[in-house]
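Undergrad: I have a structure here, written as structure tokens, and I will follow up with some questions on it.
None of the figures in this text is laboratory data; all of them are computed from the coordinates on show. A quick note: this is a predicted structure, and the numbers were derived from the prediction, not measured. Methodologically, a virtual Cβ is constructed for each residue, glycine included, from the backbone with ideal geometry; neighbour enumeration extends over all protein chains shown.
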Amino acid sequence: MGISINLDSLLMLRNMKSKELADRIGITTANLSILKTGKAKAIRFSTLEAICKVLDCQPGDILEYVDDPNP
Amino acid sequence: MNSIRLLNALISIFYFVLLVSAFAFCAYFLYISFSEGGVGLMIDKAKGDVMVSAPNLSDKMGIKDYGYLLLMFLEIVFFIKAIYHLRKATLKMIRNEMFNLTVSSNLKMAGISMIIYMLNKMLCELYKDVIYLGHFSVGFDFSGFDSSIFILILGLFFILFSNVIKNGISLKNENELTI
């Protein structure tokens, strides 16, 4: 997929655990794992907003476009 | 959900009645074969009917007669197969698993079986007309709900509906993977 999720690096920078983030944004750890591993098909604006609020970042810090030679 | 239960009940009753009829036909066939020393075909040219009978009522069975019996047998097999797949699909639907690959594949198989049944039925009619009644006619039967055109429409509808369910499965997966 051309869009990669940089949640792991942001969590490391904020010294936060996945479970804590999941609890604070109100999703399950299983769903957060789906998001982190890039298996998610889409992300809701409300989820993105919650993540940005908790991690104090911009959507561009979480999502990154990577040129995929084999889409 | 109640409508699916009712549909499944009706299909199940129809399916078991069909199975009993098919077994009765086979039993009759075997009974004639063993008790009368073979089977024969009785041709009623006035009514345009060809029926399985004891050999003393008809001419000696030849390859063309066995061909007709085979077509009749395939007609029964494909009709039962179509109803079997429909029953399986509705059973899954009862368990609240509407968007399931099993439902989709069973509906597709039901549709294909119905189309093959209809084509086989037409071939059987053509065979009977040409071989036994001595005239040639090809056409769709528009006479009622058991007409060949209606069964063709039903078969195509089931294939289309199976594609709708397949699309539903991909939409459901996409929805479940939206975080």
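Undergrad: Work out the length of the dipole vector of chain B about its Cα centre, built from +1 on the beta-carbon of each Lys and Arg and -1 on the beta-carbon of each Asp and Glu, and round it to the nearest 20 debye.
TA: In debye, rounded to 20, chain B gives about 520.
Undergrad: Which residue, B:G38, B:G168, B:G134, has the most motion in a Gaussian network model of chain B that connects Cα atoms within less than 10 Å?
TA: Highest fluctuation among the options: B:G134.
Undergrad: Using only the Cα atoms of chain B, construct the convex hull and provide its projected area averaged over every direction, in square nanometres to one decimal.
TA: Seen from a random direction, the Cα hull of chain B projects 12.6 nm² on average.
Undergrad: Mind telling me which of B:M51, B:M42, B:M72 comes out most flexible in a GNM of chain B, alpha-carbon contacts under 10 Å?
TA: Of B:M51, B:M42, B:M72, the most mobile in the Gaussian network model is B:M51.
Undergrad: Which residue fluctuates most in the GNM of chain B (Cα springs below 10 Å): B:I11, B:I83, B:I63?
TA: B:I63
Undergrad: For the protein assembly as shown, would you read off the P(r) tail past 29 Å as a percentage of all alpha carbon pairs? Intermediate values should be presented prior to the final figure.
TA: Working: 17542 of 31125 pairs.
Percent of Cα pairs beyond 29 Å in the protein assembly as shown: 56.
Undergrad: Would you mind listing how long chain A runs along its three principal axes, going by Cα atoms, in whole Å with the largest first?
TA: The principal-axis extents, from largest down, are 36, 21, 20 Å.
Undergrad: Additional query: In the structure displayed, which of B:K88/B:K172; B:K64/B:K128; A:K41/B:K172; B:K64/B:K121 lie more than 18 Å apart, Cα to Cα?
TA: B:K88/B:K172
Undergrad: Follow-up. State to the nearest 20 debye the size of the charge dipole of chain A about its Cα centre, where the only charges are +1 on K and R beta carbons and -1 on D and E beta carbons.
TA: So the dipole magnitude of chain A works out to roughly 340 debye.
Undergrad: Sticking with this one: Taking Cα pairs under 8 Å and at least six residues apart, what relative contact order does chain A come out at, in percent?
TA: 54
Undergrad: Next up: With a point put 7 Å past each Cα toward its Cβ, work out how far B:L160 is from A:D68 in nm, to one decimal.
TA: Between B:L160 and A:D68, the simple spin-label model gives 3.4 nm.
Undergrad: Evaluate the relative contact order of chain B (contact order divided by residue number), counting alpha-carbon pairs under 8 angstrom at least 6 apart; express in whole percent. Mind dumping the intermediate values first?
TA: Numbers: 205 pairs, mean separation 36.7, N = 179.
With pairs under 8 Å counted, the relative contact order is 21 percent.
Undergrad: With the dipole of the protein assembly as shown worked out from charges on the C-beta (+1 for Lys and Arg, -1 for Asp and Glu) around the Cα centre, which of B:N106, B:I153, A:I43 lies farthest toward the positive end?
TA: A:I43
Undergrad: Any idea what % of Cα-Cα pairs in the range B:19-124 are farther than 19 Å?
TA: The proportion of pairs with Cα distances above 19 Å equals 56 percent.
Undergrad: Before rounding to the nearest 500, sum -39500 (n - 2.57) across all DSSP H runs of length at least 4 in chain B and divide by the residue total; then give [θ] at 222 nm in deg cm²/dmol.
TA: Mean residue ellipticity, 222 nm, calculated: -24500 deg cm²/dmol.
Undergrad: If each residue's Cβ is checked for other Cβ atoms within 10 Å, how do A:D61, A:D56 rank with the fewest at the top? All intermediate terms of the calculation are to be shown ahead of the outcome.
TA: Numbers: A:D61 16, A:D56 9.
Neighbour counts put them in this order, fewest first: A:D56, A:D61.
Undergrad: So, one more: For A:K39, give me every one of the aspartates and glutamates with a C-alpha distance below 16 angstrom, ignoring sequence neighbours fewer than eight places off in its own chain.
TA: Output for A:K39: A:D8, A:E64, A:D68, B:E174, B:E176.
Undergrad: Compute, for the protein assembly as shown, the length of the dipole vector about the Cα centre, with Cβ point charges of +1 (Lys, Arg) and -1 (Asp, Glu) only. Units Debye, rounded to 20.
TA: 540
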